[in-house]
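Reviewing the structure listed below.
The values are calculated or read from the model by the stated rules, or taken from the named source; none is laboratory data. Values in this document were obtained by computation on a predicted structure and should not be read as measured data. Don't worry about glycine lacking a Cβ; one is built from the backbone with ideal geometry, like all the others, and counts go over all protein chains shown. Note: accessible area is taken over every heavy atom of the protein model, side chains too, but ligands, DNA and RNA are not part of it. Shrake-Rupley method; radii C 1.70, N 1.55, O 1.52, S 1.80 Å.
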Amino acid sequence: NQMIHPSASASALQDAIDNMRHVDRVSGYNLPDLKDTPALDNLPDPFTFLNGDGVTAANWADRAEEIKAMVQYYEYGFMPDEPDSVTATYSPSNNRLTLTVTVGDKTASFNSYLFLPTGEKDFYEDGKIPLVVNLSFSGSSGNNTTINNAGYAVASFTYTSVAADNNNHTGAFYNLYPYDVEQYGDRGTLIAWSWGASRVLDALEYLNENDENLKGKLDLSRVGVTGQSRLGKT
């Protein structure tokens with residue numbers, strides 16, 4: 001046991017805190033660490049770029065990308081690049097999709113369910129069925145019947161099959177992208193669940209080309225994504 005002078009302890013603690021500051025090296029916007037952001041008396045104007053320029057209809061898409069970068073940097077963690085491959089199998093008998101995602105030498109799998117409507121609606125184009133991806137608390141239940149009755153296919157997956165609903169950073173997503181603060185791998189569960197929805201779409205694109213039961217059935221140019229509560233935020 002060694003006595004440490006209080007001022008030395010305070011200095012060491014401050015150094016440790018400073019080393020935790022998150023320098024933006026990946027967003028492309030050079031966003032400041034949270035401690036360096038200015039105090040505001042009112043909400044910031046969403047129609048002003050970070051450099052002070054005004055937003056117009058013509059450049060709104062650029063501002064949207066800027067907002068996405070801020071949301072990921074300050075809150076969710078950054079969405080990883082697209083995986084090397086996504087393959088899937090489809091079992092019509094139980095509606096199950098089994099996805100396999102490959103990133104480098106790592107693979108991870110999770111299940112989704114595909115529910116197809118019966119009959120054809122007048123809003124179909126070329127007979128193809130529009131799709132809703134449903135982030136669900138229980139992948140094989142919920143409001144799938146209601147959506148099917150309206151004429152849409154539903155690809156539903158249980159969110160915890162992608163990442164556990166806690167702060168332990170476990171599940172298929174974290175098997176591929178281990179949680180790592182120092183290497184910008186500090187991705188939260190909301191970004192992981194969102195990643196899962198994207199991979200379900202990848203799987204359906206794969207099956208649309210490779211599965212005889214699904215070839216040409218889905219209209220993957222018309223897709224909606226839905227969820228309730230924190231899954232809606234996702």
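Using θ = phi - 60° and the Karplus curve 6.51 cos²θ - 1.76 cosθ + 1.60, what whole-Hz ³J(HN,Hα) does each residue of the stretch 151-159 get, with Gly and Pro shown as x?
Ordered by residue, 3J(HN,Hα) equals x, 10, 6, 10, 10, 10, 9, 6, 4 Hz.
What is the dipole size for the chain, taken about its Cα centre, with +1 at each Lys and Arg Cβ and -1 at each Asp and Glu Cβ, in debye to the nearest 20?
The calculation lands at about 760 debye.
Give me the number: length gained by fully extending residue 81 to residue 50, i.e. 0.36 nm times residue separation minus the C-alpha to C-alpha distance, one decimal in nm. Don't jump to the answer; show the numbers that get you there.
Values: separation 31, 0.36 × 31 = 11.16 nm, distance 2.47 nm.
Value of the extension gain: 8.7 nm.
Span-like helices, the chain: DSSP H, alpha-carbon axial extent 30 Å or more, mean Kyte-Doolittle -0.5 or greater, which ones? Spell out each step's value before the answer.
On the way: long enough: 189-210 (31 Å, 0.07).
Qualifying helices: 189-210.
Could you work out the relative contact order of the chain, using alpha carbon pairs under 8 angstrom and six or more residues apart, expressed as a whole percent?
18
Sorting 190, 131 by accessible area (1.4 Å probe), largest first, what list results?
Numbers: 190 35, 131 5 Å².
Output order, biggest surface exposure first: 190, 131.
What FRET efficiency do you get for residue 220 and residue 22 if R0 is 25 Å and r is their Cβ-Cβ distance, rounded to the nearest 0.05?
0.10
What FRET efficiency comes out for the pair residue 210/residue 126, r = Cβ-Cβ distance, R0 = 25 Å, nearest 0.05? It would help to have the intermediate numbers written out before the result.
On the way: r = 20 Å, r/R0 = 0.79.
Between residue 210 and residue 126 the formula returns 0.80.
In deg cm²/dmol and to the nearest 500, what is the mean residue ellipticity at 222 nm of the chain if only DSSP H runs of at least 4 residues count, each as -39500 (n - 2.57), divided by the residue total?
After summing the helix terms and dividing by the residues of the chain, the value is -8000 deg cm²/dmol.
Which of the GluC sites (Glu not before Pro) found in the stretch 40-128 are loop residues per DSSP with 12 or fewer other Cβ atoms within 10 Å of their Cβ?
In loop regions of the stretch 40-128 (DSSP not H, G, I, E or B), the sparsely surrounded GluC sites (Glu not before Pro) are 120.
Going by the alpha-carbon gyration tensor, a ≥ b ≥ c the square roots of its eigenvalues, is the stretch 64-127 rounded (a/c under 1.5) or, if a/c is not under 1.5, prolate (a/b greater than b/c) versus oblate?
In terms of gyration-tensor shape, oblate.
With every protein chain kept in the model, how would you rank 11, 112 by accessible area, 1.4 Å probe, largest at the top?
So, going from the largest accessible area down, we get 11, 112.
Kindly provide the GluC sites (Glu not before Pro) of the stretch 126-234 that DSSP labels as loop, not H, G, I, E or B, and whose Cβ sees at most 11 other Cβ atoms within 10 Å.
Answer by residue number: 182, 212.
How large is the charge dipole for the stretch 123-234, taken about the Cα centre, if only the Cβ atoms of Lys, Arg (+1) and Asp, Glu (-1) carry charge, to the nearest 20 debye?
In total the dipole reaches around 360 debye.
Using DSSP loop states and a limit of at most 12 other Cβ atoms within 10 Å to flag trypsin sites (Lys or Arg not before Pro), what is the longest stretch of the chain containing no flagged site?
Between the exposed loop sites, the longest stretch runs 26-120.
Within the stretch 65-95, whose backbone N sits under 14 Å from a point 7 Å along Cα→Cβ of residue 180?
80-81
Ignoring everything but the protein chains, give the 1.4 Å probe accessible area of residue 67 in square angstrom, nearest 10.
Rounded to the nearest 10, the figure is 50 Å².
How many lysine pairs are close in the chain, with Cα atoms under 25 Å apart and the two 8 or more places apart or on different chains?
So the count of such lysine pairs works out to 6.
Rounded, prolate or oblate: which one fits the stretch 1-137, using the alpha carbon gyration tensor with axes a ≥ b ≥ c (rounded when a/c is under 1.5, else prolate when a/b beats b/c, else oblate)?
Cα axes put the stretch 1-137 in the oblate bin.
Apply 1/(1 + (r/R0)^6) to the Cβ-Cβ distance of residue 146 and residue 105, taking R0 = 41 Å, and write down the FRET efficiency to the nearest 0.05.
Efficiency computed from Cβ-Cβ geometry: 0.45.
Counting alpha carbon pairs within less than 8 Å and at least 6 residues apart, what relative contact order, in whole percent, applies to the stretch 1-86?
Once normalised by length, the contact order is 20 percent.
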